[in-house]
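Trainee: Below is one structure. I have some questions about it.
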Amino acid sequence: MDTPPLHKRGLEWLTSHALWELAKYVFVALSAGLVSFGVSRIIHAALDTALNIFFVLIGVMGMLWVSGAVRWPTSTSKREEATWEIFFFSPGLAVSLTPSIGRVIINLHILSTKATELIFVHVTLRNNKGTYLDCESSEPITVEPMQITAKMIDKKFPSQELATFERGEIVNLEGYAKFRDGNSIKRFQITMSTIPSM
């Protein structure tokens, strides 16, 4: 796609900014007109005083707003302030199985949009044969905002429970984690599929 020449882009920029500046000056002129109209009506008429004061105030506020002396407050909704998200992922091997010694290691990485404390994790490892292994940890970990925090769960099982897991098969990790949010505790779901290291 061809970009327009520099002088055309400059002309478009000047035109758009000049129109905005012109609109500001027209608005100031209209505001000044409202002020003078309101002042003249206040002087010459006694019955319309309330309307005249309204005209004066609107005109003065318009001039102050355009000149930048007054800023309207920007409202942030409670929903925007309360948005808190937590993401669970694993950049490498999420699950490591060692059937000979019955060892399961689950590596989770956590990314939170605000500072919190992880107080409990429960995950269930399932394969397509219906075997499931429950792993949990209640060791608290501080999670800083927008920083990746690693959490490892290391658990032992009887070797026969790991015998149904095969090399190269896809397993599902499902569960939840509990985080402390001030005086309350919030629960977030964990769902992920991976191929374990064996």
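The values are calculated or read from the model by the stated rules, or taken from the named source; none is laboratory data. Since this is a predicted model, take the numbers as computed values, not measurements. When we count neighbours, we look across all protein chains shown, and the Cβ atoms used for this are built from the backbone with ideal geometry, even at glycine.
Trainee: With the checklist (1) farther than 18 Å from PRO196 by Cα; (2) part of a strand (DSSP E or B) in hand, flag the one item GLN147 doesn't pass.
Mentor: So GLN147 meets the others, but not (2).
Trainee: Given the conditions (1) loosely packed, with under 13 Cβ neighbours inside 10 Å; (2) among the hydrophobic types (A, V, I, L, M, F, W, C); (3) modelled with pLDDT of 85 or more, report the number of the one that ALA163 does not fulfil.
Mentor: So the condition that ALA163 fails would be (3).
Trainee: To continue, here is another question. Please find, within the stretch 73-92, the residue that is modelled with the lowest pLDDT out of those that are more than 30 Å from VAL28 (Cα to Cα) and hydroxyl-bearing (Ser, Thr, Tyr). Lay out the reasoning, then the answer.
Mentor: First, the residues of the stretch 73-92 that are more than 30 Å from VAL28 (Cα to Cα): 77-92.
Add one more test, that the residue is hydroxyl-bearing (Ser, Thr, Tyr), and what stays is 77, 83, 90.
On the way: SER77: 53, THR83: 81, SER90: 82.
This residue is SER77.
Trainee: Across the stretch 122-149, what is the total count of residues that are in contact with a His (Cβ under 8 Å, 6 or more places away or on another chain), modelled with pLDDT of 90 or more and of a type in the set (A, V, I, L, M, F, W, C)?
Mentor: Of the residues in the stretch 122-149, 1 are in contact with a His (Cβ under 8 Å, 6 or more places away or on another chain), modelled with pLDDT of 90 or more and of a type in the set (A, V, I, L, M, F, W, C).
Trainee: Any residue in the stretch 26-38 that's under 13 Å from ASN52 (Cα atoms) and in contact (Cβ under 8 Å) with a residue 24 or more places away in the chain: show its pairings with residues that are hydrophobic (A, V, I, L, M, F, W, C) and surrounded by 13 or more Cβ atoms within 10 Å (Cβ to Cβ) at Cβ separation under 8 Å, as long as the two are six or more apart or on different chains.
Mentor: Within 8 Å, the pairs are LEU34/PHE55; LEU34/VAL56; LEU34/ILE58; VAL35/PHE55; VAL35/VAL56; VAL35/VAL60; VAL35/MET63.
Trainee: Pick from VAL26, VAL70, VAL39: which is of a type in the set (A, V, I, L, M) and modelled with pLDDT of 75 or more?
Mentor: Working: VAL70 fails: modelled with pLDDT of 75 or more; VAL39 fails: modelled with pLDDT of 75 or more.
Going through VAL26, VAL70, VAL39 in turn, the sole match is VAL26.
Trainee: How about the stretch 93-121: which of its residues are within 18 Å of ASN172 (Cβ to Cβ), surrounded by fewer than 17 Cβ atoms within 10 Å (Cβ to Cβ) and either modelled with pLDDT of 90 or more or within 31 Å of the chain's Cα centre (by Cα) (or both)?
Mentor: Taking the stretch 93-121 as the starting set, the residues that turn out to be within 18 Å of ASN172 (Cβ to Cβ) are 93-97, 104-109, 121.
Restricting the remaining residues to those that are surrounded by fewer than 17 Cβ atoms within 10 Å (Cβ to Cβ) gives 93, 96, 109.
Within the stretch 93-121, LEU93, HIS109 meet the criteria.
Trainee: Answer yes or no: is there a residue in the stretch 126-148 that is under 24 Å from the mean Cα position of the chain (by Cα), in the same structural domain as GLY102 (by TED's automatic domain parsing), under 17 Å from VAL95 (Cα atoms) and not basic (Lys, Arg).
Mentor: Kept after step one, since they are under 24 Å from the mean Cα position of the chain (by Cα), are these residues of the stretch 126-148: 141-148.
Next cut, in the same structural domain as GLY102 (by TED's automatic domain parsing) only: 141-148.
Next cut, under 17 Å from VAL95 (Cα atoms) only: none.
The answer is no; no qualifying residue exists.
Trainee: Considering the stretch 142-151 alone, what residues qualify as being within 13 Å of ILE106 (Cβ to Cβ) and surrounded by 13 or more Cβ atoms within 10 Å (Cβ to Cβ)?
Mentor: Kept after step one, since they are within 13 Å of ILE106 (Cβ to Cβ), are these residues of the stretch 142-151: 150-151.
The one that is within 13 Å of ILE106 (Cβ to Cβ) and surrounded by 13 or more Cβ atoms within 10 Å (Cβ to Cβ): LYS151.
Trainee: Could you please let me know if GLU169 is part of a loop (DSSP other than H, G, I, E, B) and without any contact (Cβ under 8 Å) to a residue 12 or more places away in the chain?
Mentor: Values: part of a loop (DSSP other than H, G, I, E, B): yes; without any contact (Cβ under 8 Å) to a residue 12 or more places away in the chain: no.
No, not satisfied.
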